[in-house]
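Only one structure is covered here, and it is reproduced in the block below.
The values are calculated or read from the model by the stated rules, or taken from the named source; none is laboratory data. Since the model is a prediction, treat every value here as computed from it, not as a measurement. Note: ideal-geometry Cβ built from the backbone for every residue, glycine included; neighbour counts use all protein chains shown. To get the accessible areas, we keep the full protein, side chains included, count just its heavy atoms, and leave off ligands, DNA and RNA. Shrake-Rupley method; radii C 1.70, N 1.55, O 1.52, S 1.80 Å.
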Amino acid sequence: MTSLRSTGRFSRTHGQSPRALKTAALALPLALAAGWAVAAWLLWQTSVPEDLHPPHVSARAEFSPEVLHRTAHFESFLRWEWVAATVVQLATLVVLALVAPRIARAFELGRVATGVMVGAVTTLSLWAVGLPFGLLSLWWSRRYGIEKQGYVSWLLAQWPSLLAQVVGLTIVLTILLLLAGWLRRRWWLIAGPLFVAIGAGIVFLLPYLISLDTRAPHKTKLAAEIRQLAREEGVGDTPVRIEEVSDDTRLANAETVGFGPSTRVFIWDTFLTGRFSPGEIKVVAAHEFGHVAHRHIWKGIAWSALLTIPLFLVVAEATGRRGGMGTPEVVPFALLVIAVLSLALTPFTNAVSRRYEAEADWSALRATRDPKNAETLFEKFASLDLQQPDPPGWSYVWLDNHPTIVQRIALARAWAARDR
């Protein structure tokens, strides 16, 4: 600090030329970039052997023409619907960014309150334009027997989600507008770490909320074997809960949520309706325990920090040219920038997710030593849940956060060959 405030003669005496000062000014960003790259490289690593060469698996050789046609037809519609919905929502944000000054003048409640109201109008608009696409997805899934929920009950279920979005965005915008008013264009320095911490807190608390509508597994032989799998993977104290969704959907799913004492594995009861064998269910549970064992939730929070803070910096720079984040009418434009950046980052975040999902598959194979049931499980995801075994490349990059079914089958066969 002293050298930056010194006279030119003092700087020359101590060898601080303008070039040296410029170099010093670049040193911190370069050091931060290097630290980011090292952290990203460390987070990218998984326990799947680097020298593993899974065999080629052909979807046509593994699945009947009927399954391939049915899954392709089902998912193709949903993919292009996603494209249409994304375009419509981005276009809506563009329009709102253009008319935002008029919206702000309609309220005149003070800088922060007006910004919050502009954000509420934006949220309601996005919800309204997205609602028809949600109904269309429900119609298509009902047509194929995947979803069972009625249209009226689906519509009623959207209101709590809308309320949560409005409340959540109100809190976020209040914080951002206050920080921007205080720190001007440097608001991101506080907002980035703060929202990463808030996100981590939500991830920690979420399992307790989800657990309210779940039950413990019945005391059966299968439940005991699942607990043994958890012990073998070193996560024997992880609670398992059964989520009852079979009245609304035929889809089978499981998920790991939370970290530390809040960690829970949730298995949908659609796995327990007789369509899946005990061996296949054990593969599912072992996969989720693999997420816990390899700390994928913790790593996800670390990735959130690595991506959110630079993203907020870009938002600060972009909004700074329109009056700054503290200006109420800039809110739709800020949300547009975030949406575009998030869309641009999607291929990368999907790639990270696929690596962690493959690691969880590998962990499940090591724990169960049952590649055959792993293969039949993945095959049923196609025949029963209509996942396309080998989707188009653009869909794989933009939409798929799991390996494809043929990739998962290939990994199971690679493990079997390695274990001989």
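Assorted remarks:
- Residue pairs meeting the criteria (Cβ under 7 Å; at least 6 apart or on separate chains; first of a type in the set (Gly, Ala, Ser), in region 346-357; second at pLDDT 95 or above and open to solvent by 20 Å² or more (accessible area, probe 1.4 Å)): SER353/ASN401
- Unique match (being of a type outside the set (Ser, Thr, Tyr), at pLDDT 95 or above and out of contact with any Phe, Trp or Tyr (no Cβ under 9 Å at 6 or more places or on another chain)) among ALA84, ALA120, ALA72, ALA157: ALA72
- Residue satisfying all of: in region 248-274; over 30 Å from ALA197 (Cα atoms) and assigned to a helix (DSSP H, G or I); most open to solvent (accessible area, probe 1.4 Å) among these: LEU272
- Checked against the criterion of being farther than 22 Å from TRP82 by Cα and of a type in the set (S, T, N, Q), region 170-187 has at least one qualifying residue.
- Of all residues making up region 333-345, the number that are of a type outside the set (A, V, I, L, M) and more than 18 Å from ILE309 (Cβ to Cβ): 1
- Taken across region 234-247, residues that are touching a helix residue (DSSP H, G or I) at 6+ places or on another chain (Cβ under 6 Å), surrounded by 18 or more Cβ atoms within 10 Å (Cβ to Cβ) and closer than 30 Å to THR114 by Cβ do not occur at all.
- Counted residues, region 136-182 - those being in contact with a Gly (Cβ under 9 Å, 6 or more places away or on another chain) and more than 21 Å from ASP248 (Cβ to Cβ): 13
- Tallying residues that are surrounded by fewer than 13 Cβ atoms within 10 Å (Cβ to Cβ) and outside any helix (DSSP H, G or I) within region 220-233 yields 1.
- Residues satisfying the stated conditions in region 33-43, i.e. over 13 Å from ALA305 (Cα atoms) and open to solvent by 80 Å² or more (accessible area, probe 1.4 Å): VAL38, TRP41, LEU42
- Any chance LEU96 is surrounded by 14 or more Cβ atoms within 10 Å (Cβ to Cβ) and closer than 22 Å to SER141 by Cβ: no
- Enumeration of residues in region 275-323 that are open to solvent by 50 Å² or more (accessible area, probe 1.4 Å), under 14 Å from VAL265 (Cα atoms) and assigned to a helix (DSSP H, G or I): LYS282
- Screening the candidates GLU357, GLU329 for the property of being in a helix (DSSP H, G or I), in contact with a Pro (Cβ under 7 Å, 6 or more places away or on another chain) and open to solvent by less than 30 Å² (accessible area, probe 1.4 Å) yields one hit, GLU357.
- Residue in region 60-79 that is touching a helix residue (DSSP H, G or I) at 6+ places or on another chain (Cβ under 6 Å), charged (D, E, K, R), surrounded by 12 or more Cβ atoms within 10 Å (Cβ to Cβ) and part of a helix (DSSP H, G or I) present: yes
- Residue count, region 370-403 (criterion: outside any helix (DSSP H, G or I) and hydrophobic (A, V, I, L, M, F, W, C)): 3
- Looking only at region 170-180, and only at residues there that are open to solvent by 30 Å² or more (accessible area, probe 1.4 Å) and touching a helix residue (DSSP H, G or I) at 6+ places or on another chain (Cβ under 8 Å), the one that is farthest from ILE198 (Cα to Cα): LEU178
- Hey, THR46 in contact (Cβ under 8 Å) with a residue 24 or more places away in the chain, open to solvent by less than 70 Å² (accessible area, probe 1.4 Å), farther than 21 Å from LEU124 by Cα and not in a helix (DSSP H, G or I) or not: yes
Condition check ((1) in a helix (DSSP H, G or I); (2) touching a residue at least 60 places away in the same chain (Cβ under 8 Å); (3) buried (at least 16 other Cβ atoms within 10 Å of the Cβ)) across all residues:
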residue	(1), (2), (3)
PRO160	yes, no, no
LEU163	yes, no, no
ARG184	yes, yes, no
ALA197	yes, no, no
HIS218	no, no, no
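- Within region 137-153, at least one residue is farther than 24 Å from ALA318 by Cβ, among the polar types (S, T, N, Q), modelled with pLDDT under 95 and surrounded by fewer than 15 Cβ atoms within 10 Å (Cβ to Cβ).
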